[in-house]
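The next block holds one structure in the form of structure tokens; read it before the comments.
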Amino acid sequence: VPVPEDAAAGTVVALLSVSDRDSGANGRVRCAVWPASPFGLVATFAGSYSLVLREALDRERVSEYEVEVRAEDGGSPPLRASRGVRVPVSDVNDN
């Protein structure tokens with residue numbers, strides 16, 4: 001679903017679930033958004049995150065974002081996984 005360019009900071013764009021079946025440090029997962037973008041992650045509860053808008057969007061400048069969410073466990077060596085999320089920006093009549 002496109003995100004309107006006038007959406008407020010804090011708007012939830014997507015809900016994500018991350019899990020690791022290991023126990024202890026090996027089962028702890030850290031997540032991050034890459035590259036730096038107007039989006040961020042907020043941990044909502046164990047293994048669940050919200051991809052949220054951190055700043056204003058401008059469709060005339062960027063009409064669609066490709067956001068990669070990277071997850072890494074606490075093992076040694078750490079295991080990593082990533083998923084892409086496409087976020088289209090919808091136009092709002094500026095007149």
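The values are calculated or read from the model by the stated rules, or taken from the named source; none is laboratory data. On a predicted model such as this, the values are computed, not experimentally measured, just so you know. Using ideal geometry, Cβ is built from the backbone for each residue, glycine included, and neighbour counts are taken over all protein chains shown. Just the protein is used for accessible areas: all its heavy atoms, side chains included, with ligands, DNA and RNA removed. Shrake-Rupley method; radii C 1.70, N 1.55, O 1.52, S 1.80 Å.
Is there a residue being of a type in the set (Ser, Thr, Tyr) and open to solvent by less than 60 Å² (accessible area, probe 1.4 Å) anywhere in the range 9-28?
To start, the set of residues in the range 9-28 that are of a type in the set (Ser, Thr, Tyr) comprises 11, 17, 19, 23.
Right, trim to open to solvent by less than 60 Å² (accessible area, probe 1.4 Å) and you get 11.
Looking for residues that are of a type in the set (Ser, Thr, Tyr) and open to solvent by less than 60 Å² (accessible area, probe 1.4 Å), one finds at least one in the range 9-28, hence yes.
Specify which of the listed residues (21, 59, 70) is within 20 Å of residue 82 (Cβ to Cβ) and either aliphatic (A, V, I, L, M) or in a loop (DSSP other than H, G, I, E, B) (or both).
21
Quick test for you: out of 81, 36, 43, pick the one residue that is free of Cβ contacts under 8 Å to residues at least 40 places away in the same chain, out of contact with any helix residue (DSSP H, G or I) (no Cβ under 8 Å at 6 or more places or on another chain), outside any strand (DSSP E or B) and small (Gly, Ala, Ser).
The conditions single out 36.
Taking the range 38-47, which residues are open to solvent by 20 Å² or more (accessible area, probe 1.4 Å) and within 16 Å of residue 83 (Cβ to Cβ)?
41, 47
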